[in-house]
Each structure stands twice: as C-alpha cells, then as structure tokens.
Amino acid sequence: MRSHHTHSSFSLSFIFFMFLFFNIFSFSTPKLEPVNPGPVGSYHKRKQPVSAILVFGDSTVDPGNNNYIETAFKCNFPPYGLDFKNSIPTGRFCNGRLVTDFVGSYIGVKEFVPAYLDPNLGINDLMSGVSFASAGSGFDPLTPTIGNVIDIPTQLEHFREYKRKLESKIGKQNMEKHIKEAIFCVSAGTNDFVINYFLVPIRRKSFTIEAYQQFVTYNLKQLIQDLWHEGARIITVAGLPPIGCLPIVITVFSGEPLTNRRCIDRFSTVAINYNFYLQKELDLMQKSLAHLGSKIFYLDVYNPLYEIILDPRKFGFEEVSRGCCGIGYLEASVLCNPKSYLCSNTSAYVFFDSIHPSEKTYFILFKALRPIIDSFLGSF
Ligand SMILES: *[C@@H]1O[C@H](CO)[C@@H](O)[C@H](O)[C@H]1NC(C)=O
C-alpha cells in the first residue's frame, strides 16, 4: 500500500510538472516530407477503392490535434519530428511517421494523415482522410480530463462536422458513399490503464481491474456503435501494447528503476487480458453487424511489439528499456524538449520517448498489420 502511494504522488507531480510547462513551445506545421520514404509498398490488387483514412484515439495516432488546444500534452517542438526532412515537429509523438501514416500511404490515399484541427487543410486534404485523435485521450471519460485533451464524444462531434463539410462540397449521397468506403482506425486505451487506472487513484477505488477492463471495452464499443450509425463500415481497432514494457512504466513501478529495467509482467498481463476480452467483444459485434456490411477488425499490437522487445537485435535495435530522448526513463511531451540530451541514432531505439515507439518500431508494427489490411481490402 505504502509504496503504491509513493508511486502515485510521484506520478501526479510528474503530471502537474507538465502542466507548469504548458504551452511554452509553439511551432507551425509546414509541408512534411520523410527523410527516408522507406518501402511502404502499395496495395494494387484491391477490388474496391478506399476513399479515405479516418482516425480516432490517442497519441499513437494523433498527428498534432493537440497543437490547437490548451493542454500540456503537446510535442510540437524538437526533438519530435527529428527524422522528417528539416526535422519538422508536427505534434506527432514520434521522431517520424505513425502507423496510420504508413497505412494511408499503403492504401494509396495520402502520405501523411493530417490533424483535423489544422486550419490549413483544404477540401482535398479532408476528403482523403484526417485524424481526430488527441494525445492523452482514452475511452474512459475521466482519462481525457486529466490532460484536458479531446475526449471521444468531441472527436465524434468533429467527425460529424467533417461530414457536413464534405456534404456541402459533394452532396449528401456522395458523402455517404465516401464514408462507407473509408477505413476507420481506432487506437487508444494505454492512457486509461497506465495514467488513469494505475497512477490516479480515483478509478482504482471503485473498479477492480477486471471491472475496469470491461468498462473501457464498453466505452470503446459505444464509439464503434456511434461510428457505425454515422456510416462507418470498415473499422479497425488496435488492442493494447505490452504496457509493462513502456520505459515510463518501468521507471515508475519497478521499485528499482535504475538497476532493474525489465518489463513488469503484471502490467502486461492486464493488457493481455483486456485484449482477449476486447477481441471477443469485437467478434460478437462483427457477427451481429456482418449482414449489414460491416467489417470490424481487431489489430494486434501486443505481439509484434513484444517480439521486438524480447529480441531487439533481431530487428536491428540496440536499446529497448529507455527512450531516445533524454535519459529515456521519464521524458515525454514537455519533458522531452529542445534542451534534452538525444541519442545519436534513433533507429537503434525501440522507443523514441519514454512512452512512444520510434518511427522504425511503428514501421515494423505496420508491416505486421499489413496482412489484415490486405485481407479487408480484398474482401469486398
Ligand atoms: C543506427 O542503428 C541501426 C540499428 O542498430 C544501424 O543499422 C545503423 O547502421 C546505425 N546508423 C548509424 C549512422 O550509426
């Protein structure tokens, strides 16, 4: 009990520390280019075109919506974006592209999925897809309030506004067809468990971990229902990563963060159980909606990432238990900033900051997910 309490206070101070640094850095988002485009490939054999990629969730898929809101959970400053041409920080919590950027590129809609709140987007940028995601968000309504970020109902409200914008350009029927042919990506949950459940004591007091896993899944299912009612038909849902292996989780919860930086299994087990339950629920949803033309896919992030963490050298990595930015134990968002020490080679690091994978890791994850993307692109 006692040590738990210490961890919580420590972590809460960390969060408040980030609030103090609120909005110090601010950069605009000029045109993006990857330094090294990489062999993303493209899918040519599909029977039906994909119109757009539309994204909901947290920092794993937020390309910079938080640049436009008042929150401490930002990263639109160096060294984020380090491996873009001219090292442009975009608001992506990464040195480069996210999995959704690789997916957009692969399905041939766009190279970079932009943030919906970017005021410079034209109608063509909107048409081919945007992300409504917000770093720090989660499915539990309490989670986004911790960092004052965009909650899921507001992301949905932005999506409805997006549909109205399209409708005014191409008409209702074309807009509805466009939405029907779009790929939806939903990725969140880590903040619900790591920040909300394990750091902030409120939810832990009223939910067992099993009850919380069900509560998060219930909220996620609600989002999918709502997307469905808004016309979404192809919906992909990412599970949780091995949260016990995130450098920040090791630092905060290992009890001996300097000497023992192994994954903490009891946290990863929470992710495994949640993923199992989520998959079962998604299967049930898919079965009940299949006759109406829906395709709901679970995306396994856990196993590909865990494979990298178990044997980093096999994938060309050298460091796995700390991020590239700073010492790599705690630094993320404002704690990872232009003054931070930086590793000399981002490709050698599984994690770019203490929470978020590097571009190279995201690319490997994308490759692991590619067969599922192929399967639904061919399945019309
Ligand atoms: C960076 O690290 C990767 C992976 O370990 C390695 O293949 C590459 O040669 C390194 N690049 C430099 C410039 O050291």
Name the single residue, out of those in region 291-321 being away from the ligand (no atom under 15 Å from the Cβ) and touching a strand residue (DSSP E or B) at 6+ places or on another chain (Cβ under 8 Å), that is nearest to Arg370 (Cα to Cα). Leu299
Go through the residues of region 84-91 one by one and say whether even a single one is under 13 Å from the mean Cα position of the chain (by Cα), of a type outside the set (A, V, I, L, M), at pLDDT 95 or above and not in a loop (DSSP other than H, G, I, E, B). no
Complete set of residues in region 174-203 that are of a type in the set (S, T, N, Q) and in contact with a Lys or Arg (Cβ under 9 Å, 6 or more places away or on another chain): Asn196
What pairs come up if the first residue lies in region 341-355 and is more than 14 Å from Gly326 (Cβ to Cβ) and assigned to a loop (DSSP other than H, G, I, E, B), the second is within 9 Å of the ligand (Cβ to nearest atom) and of a type in the set (A, V, I, L, M, F, W, C), and their beta carbons are under 8 Å apart, counting only those six or more places apart or on different chains? Val350/Phe317
Of everything in region 204-218, what is of a type outside the set (Val, Ile, Thr) and surrounded by fewer than 20 Cβ atoms within 10 Å (Cβ to Cβ)? Give them in sequence order. Arg204, Lys205, Ser206, Phe207, Glu210, Ala211, Gln214, Phe215, Tyr218
With buried (at least 23 other Cβ atoms within 10 Å of the Cβ) and touching a helix residue (DSSP H, G or I) at 6+ places or on another chain (Cβ under 6 Å) as the only criterion, which of Asp151, Asp140 stands out? Asp140
Looking at Pro242, Pro201 in this structure, which one is touching a helix residue (DSSP H, G or I) at 6+ places or on another chain (Cβ under 7 Å) and modelled with pLDDT under 95? Pro201
Give all pairs with beta carbons closer than 8 Å in which a residue from region 257-276 that is in contact (Cβ under 8 Å) with a residue 40 or more places away in the chain meets a residue that is acidic (Asp, Glu) and surrounded by 12 or more Cβ atoms within 10 Å (Cβ to Cβ); count only pairs at least 6 apart in sequence or on separate chains. Asn273/Glu210
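Name every residue in region 322-349 that is aromatic (Phe, Trp, Tyr) and either away from the ligand (no atom under 13 Å from the Cβ) or more than 23 Å from the chain's Cα centre (by Cα) (or both), in order of residue number.
Answer for region 322-349, where residues must be aromatic (Phe, Trp, Tyr) and either away from the ligand (no atom under 13 Å from the Cβ) or more than 23 Å from the chain's Cα centre (by Cα) (or both): Tyr329, Tyr341.
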Regarding region 362-374, can at least one residue be identified that is part of a strand (DSSP E or B), touching a residue at least 24 places away in the same chain (Cβ under 8 Å), within 16 Å of the ligand (Cβ to nearest atom) and buried (at least 20 other Cβ atoms within 10 Å of the Cβ)? no
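The values are calculated or read from the model by the stated rules, or taken from the named source; none is laboratory data. All figures in this text were calculated on a predicted structure; none of them were measured in a lab. Here the Cβ is made from the backbone with ideal geometry for all residues, glycine too, and neighbour counts use every protein chain on show.
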